[in-house]
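Below is one structure; the comments refer to it alone.
The values are calculated or read from the model by the stated rules, or taken from the named source; none is laboratory data. None of these values were measured; they are calculated from a predicted model. Neighbour counts run over all protein chains shown; Cβ positions are idealised from the backbone, glycine included. In case anyone asks, the SASA skips ligands and DNA or RNA and just uses the protein heavy atoms, side chains included. Shrake-Rupley method; radii C 1.70, N 1.55, O 1.52, S 1.80 Å.
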Amino acid sequence: MAPPDLADLARLRRARDLMDRAYAEPLDVPTMAAAAFMSPAHFSRQFRAAYGETPYSYLMTRRVERAKALLRQGDMTVTDVCVAVGCTSLGSFSSRFTEIVGETPSAYRDRDHSDHASIPACVSKRDTRPSRNGEARRLSMPVA
């Protein structure tokens, strides 16, 4: 499949921005496709071609990213965090969190996060961003 053209990339960014901004809302592919002014099937194909993952995968990664921040605070239960980030199934949330982060939400919440306390939020966000395809790790690694 050919990569998305510049006009499609601009429309795909609209949908990606929607996911970044409204991650806690009930977003489905037709809603995201509408934001990109595309049919759901075309949107899904073009999104994957442009970003290397499905729209749902991207949305779940954003939700897990926000969940990690809420769990680091330590004042919410895993169930409350699950609901706060827009997930409706605790089991699915926990499975996806464990798949992306490598440990359960409870274990992540209970771990000591004081090493991130003195780091500026923008740097901490970059270094703790979950990633399915490794781009966050590649970008945060020092260039030799």
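Overview of results
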read-out	value
Scope segment 74-118; condition part of a helix (DSSP H, G or I), farther than 21 Å from residue 22 by Cα and open to solvent by 30 Å² or more (accessible area, probe 1.4 Å); matching residues	91, 95, 98, 99, 101, 106, 107, 109, 110, 114, 115, 116
Yes/no for residue 50 being farther than 27 Å from residue 81 by Cβ and open to solvent by less than 60 Å² (accessible area, probe 1.4 Å)	yes
Selection count, segment 10-28, where residues are part of a helix (DSSP H, G or I) and either touching a helix residue (DSSP H, G or I) at 6+ places or on another chain (Cβ under 6 Å) or under 27 Å from residue 84 (Cα atoms) (or both)	10
Matching residues in segment 39-63 - criterion: being touching a residue at least 40 places away in the same chain (Cβ under 8 Å) and under 24 Å from residue 94 (Cα atoms)	52, 53, 55, 57, 58, 59, 60, 61, 62, 63
Test: residue in segment 29-41 that is at pLDDT 95 or above, of a type outside the set (Gly, Ala, Ser) and not in a helix (DSSP H, G or I)	yes
